[in-house]
């Protein structure tokens, strides 16, 4: 498949606010993104011309923001609406090897739907993890440093060099990844064995570190996870906000080259151009 033929569904509902940035990242790379409201996929209160079908797309993106106001829990309402109306389409989308990206609120949605970490299948019946309130008990908006620890499974990081440290900003109040206490050690071991841990928060020397380098207190400093097949990926920081080098906070000192978030989008487009 040519990248110019790649159709990208950038999902939105009330409260999402990063769909335009996500849309522009794929558009700048030559793909065909479309901002699609959830009602267009479910056929609710839309005309026949407005209706869309998830299987017609090659990539699904759930962007950041505050979907449905983050009531109940961050991402919980959008996840419930997806599972109640589109669970079969979502599961089949993933089984076909089509990529799904969840950024910040999108990561929260993927965890709530059971699509991540999905250690026992495509979509867990109940969430296997949670993204809880930051240890600081406040909204954290800051540059964060991420170290790629994935060994090659994740299709969204294939062109990122091993152990590269990327500056990708975070902006969230509920980003602390946690697992059931009685299963935490076993799940961390399983995630590592399955190569599902993609990014970790680090300090400038690439070492695991606490606050402020890890802005939320996430278990194991985990910033991003993928599923067992590597085609579903969620992360709390925002790669779409550093697609260009001039949006980095240190841009005047190093103005040349692409932004640190761009390889995430380039990697997935390279993947589908070969696979689909």
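Data table
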| item | result |
| --- | --- |
| Subset of segment 47-78 [under 30 Å from residue 274 (Cα atoms) and not in a loop (DSSP other than H, G, I, E, B)] | 54, 55, 56, 59, 60, 61, 62 |
| Selection status of residue 128, under 16 Å from the mean Cα position of the chain (by Cα), farther than 16 Å from residue 61 by Cα and modelled with pLDDT of 95 or more | no |
| Check on residue 33, loosely packed, with under 15 Cβ neighbours inside 10 Å and either free of Cβ contacts under 8 Å to residues at least 24 places away in the same chain or not in a loop (DSSP other than H, G, I, E, B) (or both) | no |
| Any chance residue 159 is touching a helix residue (DSSP H, G or I) at 6+ places or on another chain (Cβ under 7 Å), within 25 Å of residue 246 (Cα to Cα), in contact (Cβ under 8 Å) with a residue 60 or more places away in the chain and surrounded by fewer than 19 Cβ atoms within 10 Å (Cβ to Cβ) | yes |
| Scope segment 250-276; condition within 19 Å of the chain's Cα centre (by Cα) and part of a helix (DSSP H, G or I); matching residues | 262, 263, 264, 265, 266, 267, 268, 269, 270, 271, 272 |
| Test result for residue 21, over 17 Å from the mean Cα position of the chain (by Cα) and either without any contact (Cβ under 8 Å) to a residue 60 or more places away in the chain or closer than 26 Å to residue 266 by Cβ (or both) | no |
| Strands (runs of 3 or more DSSP E) contained entirely in segment 169-249, each with at least 3 residues that are within 14 Å of residue 129 (Cα to Cα) and either touching a helix residue (DSSP H, G or I) at 6+ places or on another chain (Cβ under 7 Å) or in contact (Cβ under 8 Å) with a residue 12 or more places away in the chain (or both) | 176-178, 222-226 |
| Subset of segment 87-136 (residues that are in contact with a strand residue (DSSP E or B) (Cβ under 8 Å, 6 or more places away or on another chain) and part of a loop (DSSP other than H, G, I, E, B)) | 98, 99, 104, 115, 116, 117, 118, 129, 133, 134, 135 |
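The values are calculated or read from the model by the stated rules, or taken from the named source; none is laboratory data. A quick note: this is a predicted structure, and the numbers were derived from the prediction, not measured. A quick note on method: Cβ atoms are made from the backbone with ideal geometry, for glycine too, and the neighbour counts reach across all protein chains shown.
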